[in-house]
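Here the structure is laid out as structure tokens; the discussion comes afterwards.
Read-outs throughout are calculated quantities, based only on the coordinates presented, and are distinct from any laboratory measurement. In this text, all values refer to a predicted model and were calculated from it rather than measured experimentally. Glycine gets a Cβ as well: all are built from the backbone with ideal geometry, and neighbour counts include every protein chain shown.
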Amino acid sequence: MDATDSRSEAFQDTFGIRLGELLVHHGKITSEQLNEALQVQQQSSDERKIGELLVELGYCSEDDVVEALALQAGLAVINLREIEIDPDALALVPPEVAYRHLVLPVERTDATLRVAVADPFNVAAEDALRFVTGMNIEPVLARPSDIRLFVEQHYMRRMMQEGEEEQVEVIEEVEEDIGDPTRLAREALVIRLVDMLIRNAVRERATDIHIEP
């Protein structure tokens with residue numbers, strides 16, 4: 001039996017089982033820990049998912065949640081730190097879509113785009129990806145923290161490159177003396193990047209923003 005058959009069989013065995021119950025069943029958390037996380041979720045003003053809360057409370061690891069989601073959805077799991085991201089795939093998805101839905105395109109094959117996702121049940125994300133790319137979407141699961149990190153790194157690099165082109169356009173278009181046009185263009189780009197990072201961090205309830213060169 002190959003890996004695909006194993007995932008299919010596991011998916012059939014776990015179909016309809018909620019994530020928390022699945023984690024309890026596999027011994028990753030206790031029933032008491034699940035109940036506590038559910039209480040926190042009910043009392044919370046935001047819409048954090050149970051998997052996020054369990055990791056935040058320290059009851060299980062991010063990998064535990066990803067593996068359980070993979071069983072639920074019947075999807076493969078990839079480690080973004082061990083693969084090479086296809087730049088052609090990245091170019092197909094606007095940064096705003098990647099940030100909003102926490103997705104990362106990793107590979108393009110003919111009419112299919114392979115995309116790392118944090119939430120396999122986010123129908124809106126898949127619809128948005130299909131709309132902006134016009135391609136079939138093949139979702140695979142990855143750690144949310146890794147997706148967030150790689151989205152910031154890869155798309156920031158892309159936006160910086162686009163920003164350099166915008167600087168040239170600004171310099172060519174500015175005819176009156178309004179200061180240093182290169183500096184103005186660079187500042188506009190920085191504002192755009194920081195604004196996107198902050199909005200995403202607020203949405204994800206992040207406590208820190210790390211930017212690596």
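As a proxy for reagent exposure, Glu152, Glu36 were ordered by neighbouring Cβ count within 10 angstrom, fewest first; the result is Glu36, Glu152.
Please state the shape class of the range 80-142: rounded when a/c is under 1.5, otherwise prolate if a/b exceeds b/c and oblate if not, all from the C-alpha gyration tensor. It is rounded, given that a/c, with a ≥ b ≥ c, falls under 1.5. Rounded to the nearest Hz, the phi-derived 3J(HN,Hα) couplings of the range 48-60 under the Karplus curve 6.51 cos²θ - 1.76 cosθ + 1.60 (θ = phi - 60°) are 5, 7, 4, x, 4, 5, 4, 5, 4, 7, x, 7, 7, where x marks glycine and proline. Between Gln39 and Glu82, the contour length at 0.36 nm per residue exceeds the Cα-Cα span by 11.8 nm.
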